[in-house]
Amino acid sequence: MEGAESKVLVKWSGREIEIEYGPNETVLDLKNSIYKQTKVKPERQKLLNLKFKGKTPEDCCCLSSLKLKSGFKIMMMGSLEEEIEKVNVEPQDMPEVINDLDIEEEEVAIENQEVYLAKIEKRIKDYEVKILNDLRPDKKLLVLDIDYTLFDHRSSAETGNELMRPYLHEFLTSAYEDYDIVIWSATGMKWIEEKMKLLGVSSHGAYKVAFYLDYLAMISVHIPKYGVLDVKPLGVIWGKFPQFSPKNTIMFDDIRRNFIMNPKNGLRIRPFRQAHLNRGTDQELLKLSKYLKDLAENCDDFSSVNHRHWERYNPKRRR
């Protein structure tokens, strides 16, 4: 209808904000509307997936020329002025780790329950994996989460580099020598693709990601103490790609419950949060690079290793 307003959804700092705009409004008008709801100044806003002819549109570009569908989701980066002022001031009494409804794997043993194995079989049958780069013979498998594992997705920042975990590209380059790499996030495929572009992972020349998995590849399990949880069963990958198994697969995730179906193949990585404070000191990926190399060169069965004690792993003792 002529003159009718459309809307977009802006995803920023863990929030999703609805913005309405008219047929004659520009990108700058959109940024001003975003400012009214977020207080992020227009000049500090970076609208990541807003494109005009493959490029970032100018502020004077009319939104109607972008041919956005109503409800189109935009990922925004941008910092509040007070956050910028506080960026180098470390808060007092900051908790070391925020527990995101995590579980203790000893408390639950559900990986062999038929109801959940049937769900995995359904995912193997119905979930379509889009191969991005060929799987290579005789490689191990590394499955990586994104949020708080590779990327602080809730902190405000001006660029992706500010939110990226330190040593990410060095880590992936080293891992790629021995492992095919898979990204598995509990978000939608669109956001996985956008984040991998933002971090420079999808276009890096030193390594390649084999494929992405999104929330549709996950299954729900019920645990009396915790209720219904969505988890990432590695059996979905193993069923689709028989060259991988518990013997040669490891998954990194900042939340232990995500690998509850495969507790012997999961390693809980320390969450990377408050990037502006921690990107100068976090060395988790640097240390894990050595662990992956030691596993690849010295371990015939990854499920035989207690990955909770990865920092004390000594391959010489296993010989």
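The values are calculated or read from the model by the stated rules, or taken from the named source; none is laboratory data. Everything numeric here is computed off the predicted structure, so don't read it as measured data. Don't worry about glycine lacking a Cβ; one is built from the backbone with ideal geometry, like all the others, and counts go over all protein chains shown.
Is there a residue being modelled with pLDDT of 65 or more, out of contact with any Pro (no Cβ under 6 Å at 6 or more places or on another chain) and not aromatic (Phe, Trp, Tyr) anywhere in segment 88-110? Talk me through it step by step, then tell me what you get.
Step one: filter segment 88-110 for residues modelled with pLDDT of 65 or more, giving 109-110.
From the residues that got through so far, the ones that are out of contact with any Pro (no Cβ under 6 Å at 6 or more places or on another chain) too are 109-110.
So of that shortlist, the ones also not aromatic (Phe, Trp, Tyr) come out as 109-110.
Taking every residue of segment 88-110 in turn, at least one turns out to be modelled with pLDDT of 65 or more, out of contact with any Pro (no Cβ under 6 Å at 6 or more places or on another chain) and not aromatic (Phe, Trp, Tyr).
For segment 112-207, which fully contained helices (runs of 4 or more DSSP H) count at least 1 residues that are of a type in the set (Val, Ile, Thr) and at pLDDT 95 or above? Quick ask: steps written out before the conclusion?
Numbers: elements: 114-126, 160-163, 168-176, 189-198.
In segment 112-207, the matching helices (runs of 4 or more DSSP H) lie at 114-126, 168-176.
Of the residues 195, 225, which is of a type in the set (Lys, Arg) and more than 10 Å from the chain's Cα centre (by Cα)?
225
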* Structure fact -> Selection over segment 208-222 where residues are in a strand (DSSP E or B) and within 17 Å of the chain's Cα centre (by Cα) yields a count of 5
* Structure fact -> Of the conditions (1) touching an Asp or Glu at 6+ places or on another chain (Cβ under 8 Å); (2) part of a helix (DSSP H, G or I); (3) aliphatic (A, V, I, L, M); (4) under 14 Å from residue 68 (Cβ atoms), the single one that residue 28 does not satisfy is (4)
* Limited to segment 30-44, what total is found for residues that are surrounded by 17 or more Cβ atoms within 10 Å (Cβ to Cβ) and under 13 Å from residue 8 (Cβ atoms)? -> 4
* Asked: Does at least one position in segment 153-162 carry a residue that is under 18 Å from the mean Cα position of the chain (by Cα), buried (at least 16 other Cβ atoms within 10 Å of the Cβ), hydrophobic (A, V, I, L, M, F, W, C) and within 28 Å of residue 291 (Cα to Cα)?
  -> no
